[in-house]
Structure formats: structure tokens, C-alpha cells
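The values are calculated or read from the model by the stated rules, or taken from the named source; none is laboratory data. Just so it is clear, the structure is predicted and the values come from calculations on it, not from any experiment. Here Cβ is always computed from backbone atoms with ideal geometry, including for glycine, and neighbour counts include all displayed protein chains. Just the protein is used for accessible areas: all its heavy atoms, side chains included, with ligands, DNA and RNA removed. Shrake-Rupley method; radii C 1.70, N 1.55, O 1.52, S 1.80 Å.
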Amino acid sequence: MSKKRQVTIVDLAEAAGVSIATVSNVLNRRKVPMSSETIRKVEQAAEELGYRRNVMAASLSRKKSYELGMLVPSFAGYHGRFAEEMQRTAHAYGYHLSVFSAAGFDPEIEKRHLDVLLQRRVDGLICHGLAMSQEATRQLVGVGTPLVLFNAWGWPTDIAVGAVNLDFVVGCDEVVRHLYERGCRTICYLGKSSLYATDRQRRIGVRNGVQELPEPVASESFDADSFASIEAVLEQVEAVKARSGPGPVGVIGFDDIVTLSFMSAALRQGYRVPGDFLIAGINNDPVTSICYPDMTSLALPTAMQAEFVMLLMLQALDDTAALSRFPEDYLSKAAREGHEIQIPLRLVQRRSTERAY
């Protein structure tokens, strides 16, 4: 005999004809504008479907644990550095942060992480846009747990209290202008389509940058994920260079690993960097300052991003004492930009993009 499936707030929302957020507001007795008819529909649906609240989860609205949970796609590169920065920031404001990795988007591991977070009665959840499915995060939001996203584009606004996103669009636009000013009249972007919205933000930035230049510039995009090796990517860029005429070809990589791999392959084939190619990466990983030639890259201000993530979380938790410690310009920026806060990137110029002509 199969076990009866537990009724969720998603079921209640469908039965009552209201949003999941509305169901959550009714169940948690939140003081938000709701009509008596809406409340009646939700309560009637709960009674008819036999919905029973999780007592441990319900305690979230009454008791603080000063425990936060965080989910990242992996601990490599930027994600690991940001997790460390976020732990320091949470500690500075009196909270403990437990960080979990999505571990290759394994659904079983995702479920396990969700169960642990519920058991720990975390006050809030911080999640990267690629670290957990929207369906899974809705479960936490449904029991009253505020969610703050980072580097998440295109999520429904009813899932999270806000998102703090690195502004890759403007950053990549700046890189394009930087390459153009150094003589590049052809720009190639080496992307990673497997990383979805994160890759798309970079592509939009490169496209915008090319369109805003004072004269027409050729541009090509290649998906590094679709090639068997970086040498195969280089062959495609070589073909572009052969058509582009004199002057260097500008190359922008999805991140510093993709970019450094391309630069190494080009140097092995006898190309000059700078010279034949001017090359820029994204993330400003430590390797960019010690490779040869040292590599231009976009620096990601993880400390600022962590501060704004914590600001949104403390606002959701109504922690006025901790909020009073934020500078006025941070509070003003959060109020001005609303649900999505954009964090500007910083271009770090090195020898890989020195003027060659």
C-alpha cells in the first residue's frame, strides 16, 4: 500500500485559487493586507484537504535561531570565495551561516540539504540562482523562511525578498570598450551555455558593448561547452582572425579559467598576447596576476555583495539593531533599487590587453 502524499501549500494555493505567497501569509498570520474572503478560502482549503502544518517549521515565525543557510553551486572559484565572505559577514552581524554545495545539481543531495535546513529551523536562506530549483526553494519560502538570492536572474519575485546580482552586463560592456580603445575591431566571446542565465548576462553585456561603439565592430560568440577541447575553440577564433584583417582580435572569456586556457593554447601555437590577441577574463581569480602575461579581468566585489545580501536578510528578519549598523548610502541604494540590487564590477587592467598597435 503506497503512502499517502503529504498535502503542501502548493496544493492549498491551487485549491483556494490564490498565490503560494498568500497561503503562506494566511498560515503564518502575517500582518499584510488580505480580505476576509481570501483568508476564508485558504482556511477552507486547508480543512478540506487535511493540511497539517509542520510544528517545527511553524516555530520559525515565533522564535529566532540566529542560524542562516546558504546554497552555492560549488565551492570552486568565486562561489567558494563568496561563501567565505558571506560567513564572515553573517558572523559580524551576530548570525551563524551554514553553507551547502549543490554538488552537481544532484536532486537527492538537494533534497537532503532542504531537509537539514528545515530541521535546523534556519531564520533565513541565501541561495545562488543555480544552486537549487525554484520548486525546492518554494518549500522553504512556504513555511515562512525569507530567501535572499544572489546572481539570480529571471526568478519569480514572489519567491525571494530580493536578489543581489553582480552587474555582468555593464562589466562586459566596459571590457568591450577597453578592447576597442586598444585597437580591437573584432571581438570574440567564449561562453558556457551550461550556466544559463549567468552566461546570458555576459552575452548581453558583450552585445551591448559592441552596439554602443562609435563604429561597426565584428563580433562572434562561441560556446566553449560545445567543443571537445580549447584547441578546437582556438581554431574557430583563428578563422575569425583570418577574416578580420590587420589589428588584434579581442577575446573575452566566460571566466578566468576559460580565458587562461585559451590564452595558453594561443601562446603554444605561436601567437602573441598582447599582439595578435588582446585577452580579458572575468572573476579576477588569483591566477590572473601570476600567469604570463598577467591577465586583464573583471574583479567581483564579494565583500560589497555580501553586505547587501545581509542587509536584505536583516530587513526581512526585522532585525533593527543590526540594520542600524549599515551606512546610510547602503540603505539608500537598497531602497532605491528595490527587489534587485546591482553590484558594479571593477576592470583590472594587465598586460594581456596592452595596446599592441
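Annotations
- In the set (1) at pLDDT 95 or above; (2) charged (D, E, K, R); (3) surrounded by fewer than 16 Cβ atoms within 10 Å (Cβ to Cβ), the condition left unmet by Glu340 is number (1).
- Scan of segment 184-220 for residues that are in contact with a Gly (Cβ under 8 Å, 6 or more places away or on another chain) and farther than 19 Å from Ala239 by Cα, ordered by number: Ala197, Thr198, Asp199, Arg202, Arg203, Gly205
- For segment 27-57, the set of residues classified as part of a helix (DSSP H, G or I), modelled with pLDDT under 80 and either within 21 Å of Val161 (Cα to Cα) or open to solvent by less than 60 Å² (accessible area, probe 1.4 Å) (or both) consists of Leu27, Ala57, listed by residue number.
- Boolean, Cys172 is under 22 Å from Val348 (Cβ atoms), assigned to a loop (DSSP other than H, G, I, E, B) and in contact with a Leu (Cβ under 8 Å, 6 or more places away or on another chain): no
- Those residues of segment 153-212 which are on the phi > 0 side of the Ramachandran plot and either at pLDDT 95 or above or open to solvent by 40 Å² or more (accessible area, probe 1.4 Å) (or both), in sequence order: Gly154, Tyr196
- For segment 295-324, a residue qualifies if it is of a type outside the set (Ser, Thr, Tyr), surrounded by 12 or more Cβ atoms within 10 Å (Cβ to Cβ) and over 18 Å from Ala163 (Cα atoms), and the qualifying residues are Met295, Leu298, Ala299, Asp319, Ala322.
- Test: Arg121 is in a loop (DSSP other than H, G, I, E, B), over 19 Å from Glu84 (Cα atoms), modelled with pLDDT of 70 or more and more than 20 Å from the chain's Cα centre (by Cα): yes
- Enumerated strands (runs of 3 or more DSSP E) restricted to segment 205-314, each holding at least 3 residues that are over 30 Å from the mean Cα position of the chain (by Cα): none
- Unique match (being at pLDDT 85 or above and buried (at least 19 other Cβ atoms within 10 Å of the Cβ)) among Leu140, Leu149, Leu130: Leu149
- Leading residue by the ranking (surrounded by the fewest Cβ atoms within 10 Å (Cβ to Cβ)) among those in segment 213-259 that are touching a residue at least 12 places away in the same chain (Cβ under 8 Å) and among the polar types (S, T, N, Q): Ser226
- Residue match in segment 67-82 (condition: modelled with pLDDT of 90 or more, in a loop (DSSP other than H, G, I, E, B), aromatic (Phe, Trp, Tyr) and within 24 Å of the chain's Cα centre (by Cα)): no
- Taken as a whole, the structure leaves Asp276 outside the set of residues that are surrounded by 21 or more Cβ atoms within 10 Å (Cβ to Cβ) and charged (D, E, K, R).
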